[in-house]
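Below is one structure, written out as structure tokens; comments come after it.
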Amino acid sequence: RPGLALCAGCGGRIQDPFLLRVSPDLEWHVACLKCAECGQPLDETCTCFLRDGKAYCKRDYSRLFGIKCAQCRASFSSSDLVMRARDHVYHLECFRCAACGRQLLPGDQFCLRDRDLLCRADHG
């Protein structure tokens, strides 16, 4: 549909013989599809993620919108093992008692008070 589509990046008509369609209603000039955060070109060699009509590279999408560790606030990689307490998610090494610093392991009893994890000994 060259000439009919409007580029989601620059707003101009796409007259080029090729366009990039990222979702059914968002199309870009090949040169305009870039990460909204870092400007990295997003082409067939780079995974593209959409949020609110903006395109992001994988690194920036994860950093901006991904789940963060409730303790260190860092993102998770796909290979990270995690611990959960209610709606909080932690790296294994961050899942520690706030009072004594002991790492809490699967099967350990603990309490979540506000945002603080407490082992059984420090909660009692």
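Report the calculated FRET efficiency for HIS123 and ARG63 (r = Cβ-Cβ distance, R0 = 41 Å), to the nearest 0.05. Could you put the intermediate results ahead of the total?
On the way: r = 34 Å, r/R0 = 0.82.
The pair HIS123/ARG63 has a calculated efficiency of 0.75.
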May I ask you to evaluate 6.51 cos²θ - 1.76 cosθ + 1.60, the Karplus curve with θ = phi - 60°, for each residue of segment 91-96 and list the ³J(HN,Hα) values in order in whole Hz, giving x for glycine and proline? 5, 4, 6, 8, 7, 10
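Report for the chain the percent antiparallel among DSSP-assigned beta bridges with both residues inside it, nearest 5.
Values: 19 of 20 bridges.
Taking every DSSP beta bridge within the chain, about 95 percent pair in antiparallel fashion.
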For segment 1-61, run through the GluC sites (Glu not before Pro) and keep only the ones in DSSP coil with at most 11 other Cβ atoms within 10 Å of their Cβ. GLU44
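Would you compute, from DSSP H runs of 4+ residues alone, the mean residue ellipticity of the chain at 222 nm, taking -39500 (n - 2.57) per run and dividing by the full residue count, rounded to the nearest 500?
Working: 2 runs with 12 residues, N = 124.
Value at 222 nm, helices only: -2000 deg cm²/dmol.
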The chain: relative contact order from alpha carbon pairs under 8 Å, six or more residues apart, as a whole percent, is 11
What number comes out for accessible area per residue over the chain if the probe is 1.4 Å? Units Å², please. 67
Charge dipole (the chain, unit charges on Cβ, about Cα centre) - positive-most of GLY12, LEU117, TYR61: LEU117
Skipping prolines and chain starts, which residues have an amide H placed within reach, meaning under 5 Å, of the one on LEU117, given they are 5 or more residues away or on another chain? ALA98
Given [x] 18.5, 70; [y] 13.2, 36; [z] 21.8, 70, which label gives Rg and Dmax of the Cα atoms in Å as computed from the coordinates? [z]
5 Å is the cut-off here: which amide hydrogens, built 1.01 Å from N in the peptide plane, fall below it relative to VAL89, excluding neighbours closer than 5 in sequence? ALA70
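If you add up the charges near CYS94, with Lys and Arg at +1 and Asp and Glu at -1, over every other residue whose beta carbon is less than 13 angstrom from its beta carbon, what do you get?
On the way: positive: LYS68, ARG73, ARG84, ARG96, ARG102, ARG115; negative: ASP80, GLU93, ASP116.
Combined, the nearby Lys, Arg, Asp and Glu give +3.
The values are calculated or read from the model by the stated rules, or taken from the named source; none is laboratory data. No experiment lies behind these values; they were computed from the predicted model shown. No Cβ is skipped: glycine too gets one built from the backbone with ideal geometry, and neighbour counts run over all protein chains shown. Heads up: the accessible areas ignore ligands, DNA and RNA and are worked out on the full protein's heavy atoms, side chains in. Shrake-Rupley method; radii C 1.70, N 1.55, O 1.52, S 1.80 Å.
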